[in-house]
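Read-outs throughout are calculated quantities, based only on the coordinates presented, and are distinct from any laboratory measurement. In this text, all values refer to a predicted model and were calculated from it rather than measured experimentally. Cβ placement follows ideal geometry from the backbone for every residue including glycine, while neighbour counts extend to all protein chains displayed.
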Amino acid sequence: MSKPHPVQVIAVSGGKGGVGKSNISVNLGIALAQMGRRVIVLDADLGLGNIDVLLGITARHNLADVLAGECDLRDILVDGPGGIRIVPASSGTQRMTQLTPLEHAGLINAFSELGDQIDVLIVDTAAGISEAVVSFLRASQELLLVVCDEPTSITDAYALIKLMNRDYDINRFRIVSNQVRNEQEGRHLFGKLTRVTERFLDVALQYVGMVPYDEAVRKSVQRQRAVLDAYPRAKASLAIKALAEKVDAWPLPSSPRGHLEFFVERLIEH
């Protein structure tokens, strides 16, 4: 049997909605693909998937069909911009938000079939701290939290960090400051979050970088394009490319933490 290929599994989360999580997931994926990585973006907002809408992609099948046994994960992969592939979630399906641990396991098990054709799996989680979000976060090696300079964003990120740390012993979180004016404001926002966590929790937060507020992002969303695809020289695009270079330098997992089977097993252990 060939040695499993290590896969970097990165969950992008943020606590609250509206912080730009899906945008960062997709564009980070594109930037990594431009660097030669084989990238799959999993829309893990199981009841309100939005990546296909964000990119103007029509998906014939989605995760609900895989769970129903109607098709394989390979059949639902959709080609996205810049060479990424997307696993679409189902939209407006209450049922998908209430999966049993066994169904979750079946879903994730499907991913281990893709292990040989993927370098990076980016998991774009739903907002909030539901059981589904938590199980995806636990199963990923890297947790990338997107925060904005709003009190609710900081308190929600804090709540998520606290939960993952207290209940699952996860103590390393990577932070991206989104929609800030400049690097100084990005670091300032990171400082606000670390001050709260340092007082109450024993966790290590690492600042990955910032993505500036950029009108090009809003325009690209209106055009249903990824900003990196529509406006590659925009400030936000350049910032995301810089993030991708840092992400690409993160150490690859050594066995067994880094295989998709491990992602599977971690999701099953409720």
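Summary of values
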item: Sorted by Cβ density within 10 Å, fewest first, the residues THR152, THR125; result: THR152, THR125
item: Sum of side-chain charges, VAL180 neighbourhood, beta-carbon under 13 Å (Lys, Arg +1; Asp, Glu -1); result: -1
item: Charge-dipole axis of the chain as Lys and Arg at +1 and Asp and Glu at -1 on Cβ define it, positive-most pick from GLY20, GLY49, PRO6; result: GLY20
item: Cβ crowding within 10 Å averaged over residues, with 128-135, 23-30 ranked highest first; result: 23-30, 128-135
item: Sum of side-chain charges, GLY49 neighbourhood, beta-carbon under 11 Å (Lys, Arg +1; Asp, Glu -1); result: -4
item: Dipole of the chain [Lys/Arg +1, Asp/Glu -1 at C-beta], most positive-end residue of PHE190, ILE84, ALA110; result: PHE190
item: Estimated FRET transfer efficiency (THR100, THR155; beta-carbon r; R0 35 Å; 0.05); result: 0.70
item: Space enclosed by the convex hull of the alpha-carbon atoms of the stretch 109-183, per residue, Å³; result: 120
item: Within the chain, helix-based [θ] at 222 nm, where runs of 4 or more DSSP H residues each add -39,500 (n - 2.57), nearest 500; result: -13000 deg cm²/dmol
item: Partner lysines for LYS21 [C-alpha distance under 22 Å; skip if fewer than 8 residues away on the same chain]; result: LYS162, LYS192, LYS219, LYS235, LYS241, LYS246
item: Unit charges on C-beta of K, R, D, E only; dipole of the chain, Debye; result: 860
item: Percentage, to the nearest whole number, of Cα pairs in the stretch 155-250 over 23 Å apart; result: 37
item: LEU163/ASP202 FRET efficiency (R0 22 Å; Cβ-Cβ; nearest 0.05); result: 0.95
item: Contour minus Cα-Cα distance for LEU252 and ARG60 (0.36 nm per residue); result: 65.8 nm
item: Under Karplus coefficients 6.51, -1.76 and 1.60, residue-wise ³J(HN,Hα) of the stretch 228-243 in Hz, glycine/proline x; result: 5, 7, 7, 9, x, 9, 5, 4, 5, 5, 5, 5, 5, 4, 5, 4
item: Dipole magnitude of the stretch 2-73 about its Cα centre (Cβ charges: Lys, Arg +1; Asp, Glu -1), debye to nearest 20; result: 380
item: Scaled radius of gyration (Cα, divided by 2.2 N^0.38 Å) that the chain gives; result: 0.94
item: Bridge type composition, the chain - antiparallel percent by DSSP, nearest 5; result: 10
